[in-house]
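Inspection log for the structure reproduced underneath, given as structure tokens.
Rule-based calculations on the coordinates, nothing more; no lab input. These numbers were taken from a predicted model, which means no experiment stands behind them. Using ideal geometry, Cβ is built from the backbone for each residue, glycine included, and neighbour counts are taken over all protein chains shown.
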Amino acid sequence: MGLEDYQELRAFLARFGRRVKLLKGIEGLILILLCALLLFALGFAIQELQPLFPYAALFYSIVTAGLLSAILSWTLLRGLRKVREETAALYIEKKCPHLKNNLINSLQLYPQIAIERQPAGVSQSMVLALLSATRKQIREIPVAALTNSRRIQTQTRLFSFLLIPVAAAVFLHPTSAGKTFKLILHPFADMPSAHVALDVHPKGTRLLRGSTLAVTAATTGAVAALSERHRAGSDGSLVHSGSPLGIVSLREETCTDCGACTAVCPTEALRYEEGAGGEAVVSFEAAQCIACGNCVPACPEGAFETLGVRAGVELAALATGRIVLKRAASARCRRCGAAIAPEAMLSRIRTLLEGEEASAPLLATLTELCSDCRALG
Ligand code: SF4
Ligand code: SF4
């Protein structure tokens, strides 16, 4: 007696459990797609970052794999976990206050009266009446109304919203999309060579603390292959007429530090500055030189091949940054003490005008007074 009611009650709870698991599965699936979409979009930024951080692809690949596996495991765990009948009954009673205690009591008391004909403190007829009433109540409740799918709708909306810009980016840059997959699947493809070999000469040499250690390094991998193909120097420098960068060389002995070359340099690769001690400084930044060659004809000391430019890339120079090519003390005005011009330049003027008596007063004015004092007379 009452078995049919009890079985219907359990079937209702089982239906509810299956629906909860289905919704959790859909929720997890949308979350996976959402994360995959966001990680895919992140791939575009990683491509830009990789030249600066060669390990960015590796981190990206690890984060992508870790995050997606974590969400997948979490979804499977939630989907496979059994929804207990008691938990389901209490949840449904919370949603439907008119069922308060009927569901859980029917579920727990019927097995007692089914096993023991007259259990202590429990009236058999009351349990059967409660079971029958509860059965009627649950027949009026659709299982779908008990579960909430609002979270799934929000996630779906967010996914559709994000899909539009990502799809547009893929449509406009299909190659970048391919590169993103390459970053995930082959994170080691563009990694710098990790091979470092140290040979000590003579073998077994021991170094005292504080003594100087000279290390000679040789490149391997892609850089070495490129260097070999273009017959580069052992320091990794490549001289090529098509190079977008240039390397400037200056003969210190003949350079007068006049600064004419710096005045015509369009990129400030060559720069003229006053040093801390008032000296004239000509410096050069290899990364800024575009090998235009403007500076060479501007040099008044061209007869001595003072300045030269060759189209090429010198890894060591690029890594070093700005270097001083020429530093010369400045002559001071005998009246006010202001800087007139680099000593080397004035000395060159003296050499050129040497022996010309007519130009002696002009020479004295030019080399001993600054422009302001010259104007005062
Ligand atoms: S080659 Fe052009 S960019 Fe390079 S230092 Fe000379 S003027 Fe400047
Ligand atoms: S390289 Fe030539 S132009 Fe440049 S500072 Fe020296 S002398 Fe002047």
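The peptide list 43-49, 66-72, 100-106, put in order of mean Cβ contacts within 10 Å with the highest first, becomes 100-106, 43-49, 66-72. Residues considered: Ser176, Ser149, Ser359. Largest GNM mean-square fluctuation over the chain, using C-alpha springs under 10 Å, is found at Ser359. Rg/Rh for region 3-185 stands at 1.25; both radii use Cα atoms, and Rh follows the Kirkwood definition. For Arg332, the residues whose amide H sits under 5 Å from its own are Ile340, ignoring neighbours fewer than 5 places away on the same chain, with H placed 1.01 Å from N.
Label point 7 Å out from Ala167 along Cα-to-Cβ: which residues of region 25-42 have amide N under 19 Å? So the set is 30-42. Please quote Rg/Rh for region 330-376 to two decimal places, taking the Kirkwood radius as Rh and restricting both calculations to Cα atoms. Result for region 330-376 is an Rg/Rh of 0.97.
In order along region 161-168, the Karplus-derived 3J(HN,Hα) couplings, from 6.51 cos²θ - 1.76 cosθ + 1.60 at θ = phi - 60°, round to 5, 7, 5, 4, x, 5, 5, 5 Hz, and Gly and Pro are given as x. Here r is the Cβ-Cβ distance between Ser347 and Leu376 and R0 is 22 Å; the resulting FRET efficiency, rounded to 0.05, is 0.30. With axes computed from alpha carbons, what is the tilt in degrees of helix 102-115 against the longest principal axis of the chain, rounded to the nearest 10 within 0 to 90? Long axis of 102-115 versus the principal axis of the chain: about 50 degrees.
Model label sites at Ala276 and Phe181, defined 7 Å from Cα along the beta-carbon direction, differ in position by 5.8 nm. From the alpha carbon centroid of region 281-341 to that of region 95-134 is 99 Å.
Taking 30 Å as the limit for the C-alpha separation, the pairs Lys203/Lys326; Lys24/Lys94; Lys94/Lys136 exceed it in the case of Lys203/Lys326. Considering the options Leu346, Ile71, Leu318, tell which one lies farthest towards the positive end of the dipole of the chain, charges being +1 on Lys and Arg and -1 on Asp and Glu at the Cβ, about the Cα centre. It is Ile71.
Mean-square fluctuations from a GNM of the chain, with a 10 angstrom spring cutoff on Cα atoms, peak among Cys35, Cys336, Cys258 at Cys336. The simple spin-label model puts a point 7 Å past each Cα toward its Cβ; for Ser241 and Glu356 those points are separated by 4.1 nm.
Principal axis extents of the Cα atoms in region 81-146, from largest to smallest and rounded to whole angstrom, are 37, 28, 15. Counting only Cα atoms, the size of region 238-377 along its three principal axes is 52, 32, 22 Å, in decreasing order.
Working ranking of peptides 73-80, 249-256, 157-164 by packing, defined as the average number of other Cβ atoms within 10 Å per residue, highest first, is 249-256, 73-80, 157-164. Sequence-distant contacts, meaning Cα pairs under 8 Å at least 6 residues apart, place the relative contact order of the chain at 14 percent. Legend: ranking of residues Thr351, Thr367, Thr156 from fewest to most surrounding C-beta atoms inside 10 Å; resulting order Thr351, Thr156, Thr367. Just need log10 I(q)/I(0) for the chain at q = 0.06, 0.10, 0.15 Å⁻¹, Debye formula, equal scatterers on the alpha-carbon atoms, no solvent, rounded to two decimals. After summing over all Cα pairs, the log10 values are -0.58, -0.92, -1.25.
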